[in-house]
Structure formats: structure tokens, C-alpha cells
Amino acid sequence: MRRQSPKLARHVDTWLVARSARVRPTAADRFLRTLSMSADHSRLWMVVAALMSMGGRAPRRAAVRGLVSVALASSVANGIAKPLFPRRRPPDESVPFVRRLVKPPVSSSFPSGHSASAAAFATGVALESPAAAVIVAPIAVAVGYSRVHIGVHWPSDVIAGGAMGAAIALGTRRWWAQRDDEPAELGPHQRITPIHNGLGLLLVINTGAGGGTDSEQLRLLHENLPAAEFLTITDDLTARLDERVARDDIAALGVFGGDGTVSAVAAAAVEYRLPLAVFAGGTLNHFARDTGVECPEHTLAALESGDAVRTDTAEVRSDGLEPRTFVNTASLGGYPDFVHLRERWEPRLGKWPAAGIAMLRVLFRAQPLPTTIDGTRTAIWMLFVGNGHYRPAHQIPMSRPALHHGTLDIRYLRADLPFSRTRLIWATLTGTLDRSATYVNRRADRLTVHVEDGPVALATDGEVDFRGDDFTFTSRPATLTLLRRTERS
């Protein structure tokens, strides 16, 4: 039976090529030959990825994953599989002269590298943006068939190459988690007194955020909130907020800016027990995205209807200083540098590639930080403390599925184990952080950290503005009332 299988496969290949060759000449011959040539060296997929990158966050992530999948699939197909499984290509006379290439390839026919790259790109795109894959997949199928149509591959080469490319693209999920764009699970629904036309709303505007003063969204806010009081952010924001919020006519706070600005205004909202309306005006807007308030129209509708939810915040105290509220993350060691590099590259590369490159760069340069964490002495490269539950647990945190259980997501990279830096880099590249003793991930409602070598910088929500050597992180469940439209509204 085993001897008959290769013979049967060759027979089917020959029969299918003959059937394709008998198709009458049409304008499709030139199109398929041009399409096949355009995919040489993955040029076609680079152009498609460039076009997708102009379409927003999800298509941009899909384009990056698609190109990474192509690079891996092409390397495996052309650099490993072809030398291991040499096979003659179909003879020149197997297809009509009008279809043939002027310079046909001379490498092994098995597997089809073009098909591997096409399937890898389409599958990689589908993992991040199914809508984009609806357009890309037919192009990938056409590229695969074109290799048979112009007589440079047997059908089994194309099938094997396509299966290989798709498998490699699916395998990227092991070390590059798919981001979940669904909002985090928040606390209980709450009703507040509706705020019509912005009356009673103090809206803090960060003119230096990603939206800028000329943004369409900022104009939308002025048009829809004519009775609101607008406060432009300055260096003494906390003092100005304290002064304004003390008045009886302030019923709610609003903020237009990035995560750092949102965190500062959220702290005031928690302190004065005021509801908060968030309008995403930064570059990345992690809190707005995670809580489902990225769309300004939805927040405006929540103000009018009085719909809100309760959500957690977190607090860090250090060396007798005033407590600092954060809504996303706090970090020590090399993590602030990691965040800075990741956020600088994320708009162009996508979050995981930017995070991976930033992680490697920081690890190469970082120095071990001697600490005592919850009473246990250890040296670390970096420490991450997240407000809420982040995932995946075994990789660099990508998304936040829950923000109401009174939980801190604690992760740190140990520097006190032999070859810890090398082991961390290997685990990051291979997606095996969950099995590495150098990577610690746990959850708690409180964390204490003492830094033994003197004060270090602490970053909260991307802002690095104070130093200390003793830190206490605490979850504060359901302390923030967030304006958010509910499904029924």
C-alpha cells in the first residue's frame, strides 16, 4: 500500500496538470502568469501588507502577522524542505507555450514556496482580521493555482506548500498571542443623574495628546457639550482640579487625552467620588480600549442616559509620598524602558512585534535589580504590576479580559538564576515563558517591594515621574464610576 501511494499521487498530479493544460487559452493566462511572477520574493504580499497598514489597528496587526508568517514559511519551504525533498518540476511541454515563464525556476519542485507564502500570509491575516482575510484568501488561492497553471509545480507541491504555510502561521500564536479586542469584563452597572449638554461636567483637555487641538473628536466634544466647563491641562493639574472640583456645581469629571492624563483625572474622580467620562485622545489609549469607551459617541450617549459601570483602580505608595492611583500598569526596573520602546514602535509594527523587539533590547542592556518582594529576596530584571487580570499568562501581556475582581496581575523576570538573561530571551522567542523558572506570574490584591540599592524610577501608566525604594501596591476594587453605554441603551 505504501508503494502504491506515491504512484497514485504521481498519477493524480499528471492527470490534473493535463486537465489544466487542455483549458483553452484566455485572458486569464496572462493574468495568472503576471500574478505568479508578482509573488516572487513575496513582493505581492509586501504590497498588500502596505495597503492594509493604512486601514486601522486590526488590519495593521494582520499585515504584520502575515508578513512574519511569510518570512517563516518561506525560510522553511525554501531553506529546509526543498533541499530535503528534491523533486523534478513538470516538463516544459506539460502546458501551452503561452503560459510558460521565460526563465522557469530550477530549484526543487516540492514544496511550492509561493503557495507556502500565500497560505501563510492569508492565515496570518485571518488570525487578526477575518474581514481582511475575505479579500486576501482568494488572492492566495489564485497564486497557488497559478503555479500549476504556468507549469512550474505539480498540484501536490501546491497543496503541501499551502498546508505548510498555514500550519506555520497558526504556530505563531504560541509565541505571539492574538489580541482580544473585546472590552474587559467590568463591575456592576450603575445609574447616575443624566448630564445633558455637559451641564455639570468638568472636562480636562490634554492638548499635547495624540488627538491634538485640531482633532475632529475635540470639535465633536465642543459641539455636543456646550454647557461643559473645559480645563486645559497644565503642570499644576492636580491643584487646579482640587480647586474646581470643590465647587458644588461639578457633577462629573471628563478627560480627553492619553493614558497618563486619564490616570491623573481618574485619581481625582476616585478621591472626590465623581463619575468619569473618558474620551480617548492619545496614541494608544489602553484604558479606553480595554473598558470599551473608545467611541466618543457612546460616551456622549452615556452622559445623556446616566449609564455607568463600576471598575477597579490600583494604588501605589512609596516612601511616605502621596499615594499614586493607576488604571493600567505600574513598573520597576527595565520595564519603563520596555514600555517606552514598545509604545514608540507599536503604531508601525503592532503590539507583539514591538514588545518582542523592545524586550530583547532592554534585556541586553538591563542590570539586575536586587529586591525583596513580599519578604523574599530576589534579583529581577523588571517588574510589571497590572490593574486587573491580563492575558496571556505565559507571554507578554496583550489584553485585559477582566477589571473588577480586586486583582493585581504581578509579573517579574528573575535575574538571580544561572544564565537568566539567555533563558529569558530563548523563552520569549520560543513561546515557552510559562515553563521558564525565570518568569514569575501570579495574582494578588497587595504587593510589597523593597529595592536594596537605593531609589529607582517607578512608572505608572506610562509616566515616569518619581523615585523610591519601598513600594506597596494595592488593588482598590470598584472605586471608579465610569460612564459607559450599556447594551440596552
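Values in this text are rule-based calculations from the coordinates and carry no lab data. Values in this document were obtained by computation on a predicted structure and should not be read as measured data. So basically every Cβ, Gly included, is an ideal-geometry build from the backbone, and we count neighbours across all protein chains shown.
For the stretch 265-272, putting each phi into the Karplus relation 6.51 cos²θ - 1.76 cosθ + 1.60 with θ = phi - 60° gives couplings of 6, 4, 4, 5, 4, 5, 4, 9 Hz, in residue order, rounded to whole numbers and with x for Gly and Pro.
In the chain, the longest principal axis of the Cα atoms and the axis of helix 351-365 are about 80 degrees apart. Separation of the stretch 447-489 and the stretch 16-88 by C-alpha centroid, Å? With the stretch 447-489 and the stretch 16-88 each reduced to a Cα centre, they are spaced 47 Å. Distance between the modelled labels on Thr432 and Met54, one decimal in nanometres: 4.3 nm (7 Å Cα→Cβ projection). From helices alone, the chain scores -13000 deg cm²/dmol at 222 nm; the rule is -39500 (n - 2.57) for each run of n ≥ 4 DSSP H residues, then divide by the residue total.
Over the chain, the ratio between the Cα radius of gyration and 2.2 N^0.38 Å evaluates to 1.20.
Rounded to the nearest whole Hz, the Karplus-based 3J(HN,Hα) values (6.51 cos²θ - 1.76 cosθ + 1.60, θ = phi - 60°) of the stretch 155-160 follow the sequence x, 5, 4, 5, 5, 5, with x at glycine and proline. Would you mind checking the tilt of helix 43-52 against the longest principal axis of the Cα atoms of the chain, expressed as 0 to 90 degrees and rounded to 10? Between the helix axis and the principal axis of the chain, the angle is about 30 degrees. Simple point charges give the picture: +1 on the Cβ of Lys and Arg, -1 on the Cβ of Asp and Glu, and for the chain a dipole about the Cα centre of about 3940 debye.
The spacing between the stretch 378-435 and the stretch 260-279, judged by their C-alpha centroids, is 28 Å. With the charge dipole of the chain set up from +1 on Lys and Arg Cβ and -1 on Asp and Glu Cβ about the Cα centre, the Cα lying farthest toward the positive end among the listed residues Ala228, Leu72, Ala330 is that of Leu72. Relative contact order, whole percent, for the chain stands at 14, derived from Cα pairs under 8 Å and 6 or more residues apart. Residues of the chain were split at every exposed loop site, defined as chymotrypsin sites (Phe, Trp or Tyr not before Pro) in a DSSP loop with at most 13 other C-beta atoms within 10 angstrom, and the longest piece left, sites excluded, is 1-271.
Taking every alpha-carbon pair within the stretch 329-481, the share separated by more than 20 Å comes to 47 percent.
Using R0 = 56 Å, the C-beta based FRET efficiency linking Ala251 and Ser75 works out to 0.40. Rounded to the nearest 20, the Cβ-based charge dipole of the stretch 329-481 about its Cα centre (Lys and Arg +1, Asp and Glu -1) stands at 600 debye. Once backbone amide H atoms are built at 1.01 Å from N, Arg476 has Thr313, Ala314, Glu315 as its partners under 5 Å, excluding neighbours fewer than 5 places away on the same chain.
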